[in-house]
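Structure record follows, encoded as C-alpha cells.
Computed from the coordinates by the stated procedures, all read-outs in this text should not be read as laboratory data. Everything numeric in this text was worked out from a predicted model, so none of it was measured. No Cβ is skipped: glycine too gets one built from the backbone with ideal geometry, and neighbour counts run over all protein chains shown.
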C-alpha cells in the first residue's frame, strides 16, 4: 500500500505524483486508475493529475486502485491519498 499526502488546495490540472513501472524485456507499460473521480492518470506517462477539486471536509482520504499493464502481465495495487487542510497552518 502506498500513502500520498496532498493539499486540498492543489488546483485542478496539477500533477500530484507519477506512477512508475517497467517491463524487464522492454515492452511498453500502460497505467490506469479506478475508484476515484478526483484523479486521473495518463496511461502512457503515469502522471497522476487532479481532475476535480479536492475537499478535505467531504473526504480526508481517497482510496483507489492503480494498475500497471504490459503485454503479458498486470499488476494492481492500492493507493491512499490523504488530504491536508490548507487553512490550518
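Values for this structure:
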quantity	calculated
Rounded to 5, the percent of DSSP beta bridges in region 2-84 classed as antiparallel	75 percent
Semi-axes of the equivalent ellipsoid for the chain, Cα gyration tensor, largest first, Å	27, 12, 10
Likely footprinting exposure, 34, 59, fewest C-beta neighbours within 10 Å first	34, 59
Relative contact order (percent, whole number), the chain, Cα cutoff 8 Å, 6+ residue spacing	38 percent
